[in-house]
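Read through the structure below, which is laid out as structure tokens, and then see the notes.
The numbers here are math on the coordinates, done by the rules we state, and not lab data. Predicted, not measured: the structure shown is a model, and the values here were computed from it. Ideal geometry is used to build each Cβ from the backbone, glycine not excepted, and the neighbour counts take in all protein chains shown.
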Amino acid sequence: MTQMLLETDGLTVRFGGHVAVDAVSCGFRAGELTAIVGPNGAGKTTYFNLISGQITVSAGTVRLMGEDVTRDPVATRCHKGLGRAFQLTNLFPDLTVLENVRLVIQARRKMGFNLFSMAASHTKLSAAAMAVLERVRLQDLAEQKVSALSHGNQRKLEVAILIALEPAVYMFDEPTAGMSVDEAPVVLDLIAELKADTERTILLVEHKMDVIRSLADRIIVLHNGALAADGDPATVMASDVVQEAYMGRDLADV
């Protein structure tokens, strides 16, 4: 049986009297891309935040490769193999594109965040960082400061940083949000490439049904914080109750 890389069991968070995520239990296997969908306010990003550690859980557990990480901070979960890309970019704006990726590779190799490493190490790290930038088509902007990048290129850089982390679990929260028609395919092609690695799993929050249809092996639907549907894309998309109550007209158009 394919390894379960990530599991949530009864995952719940309350803000005052409001239950934002309500006892969601799901397992995510290696080699699978799962799209998490639902209407605005359904709890998708909050569920992501609970998994990655941005929000403290009220009840339930998060397990990463069988280990309970529910109380681990974000950095610890990242070190253990949980990689997260955000709706809003989370980069070092005053450093260059290359430096942003190189720092991540240094940290991944437990060399610390040192911009002035030994020359030999610096060369090897820069070469590794450049190889990642080539994958996201940013090699020509390697020496440009991040603050000068377009929004679309900042999103591509964030994907590059996620790739450099080499996580077991990739988490993408609307990866093409704010990107132009020309920029988005680069990121989607990268996600498709990552999906080919059967030792890792991908979670994707996305509103665009054409993206979900092209990439997803599985869809889970959240509504009012609860798990409303879980299955293969054809089954979930064909569900009348999901189309009418959770997905609206976009899904019916697919």
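The spacing between the stretch 185-234 and the stretch 4-47, judged by their C-alpha centroids, is 14 Å. When the Cα positions of Ala85, Leu103, Gly53 are compared along the charge dipole of the stretch 32-111, Leu103 comes out farthest toward the positive end, with charges on each C-beta of Lys, Arg, Asp and Glu. Placing a pseudo-label 7 Å from each Cα along the Cα-to-Cβ vector at Phe15 and Gln144 gives an inter-label distance of 3.5 nm. Per-residue ellipticity at 222 nm from helix content only, as computed over the chain with -39500 (n - 2.57) for each DSSP H run of at least four residues, stands at -10500 deg cm²/dmol. For the stretch 117-167, which GluC sites (Glu not before Pro) are in a loop by DSSP, counting at most 12 other Cβ atoms within 10 Å? Within the stretch 117-167, the qualifying GluC sites (Glu not before Pro) (loop, at most 12 other Cβ atoms within 10 Å) are Glu143. Distance between the modelled labels on Asp94 and Met65, one decimal in nanometres: 3.6 nm (7 Å Cα→Cβ projection). About its Cα centre, the dipole of the chain is roughly 840 debye, where the only charges are +1 on Lys and Arg Cβ and -1 on Asp and Glu Cβ.
Over the stretch 1-108, the Kirkwood radius and the radius of gyration, each from Cα atoms, give a ratio Rg/Rh of 1.00. For the chain, DSSP calls about 55 percent of its internal beta bridges antiparallel. Grouping the Cα pair distances of the chain into 5 Å bins from zero gives a pair-distance distribution of 1, 6, 13, 17, 18, 16, 13, 8, 5, 2, 1, 0, 0 percent in increasing distance order.
Checking the a/c ratio against 1.5 first, then a/b against b/c, what shape does the Cα gyration tensor give for the stretch 126-201? It is oblate, given that a/c is not under 1.5 and a/b is not larger than b/c.
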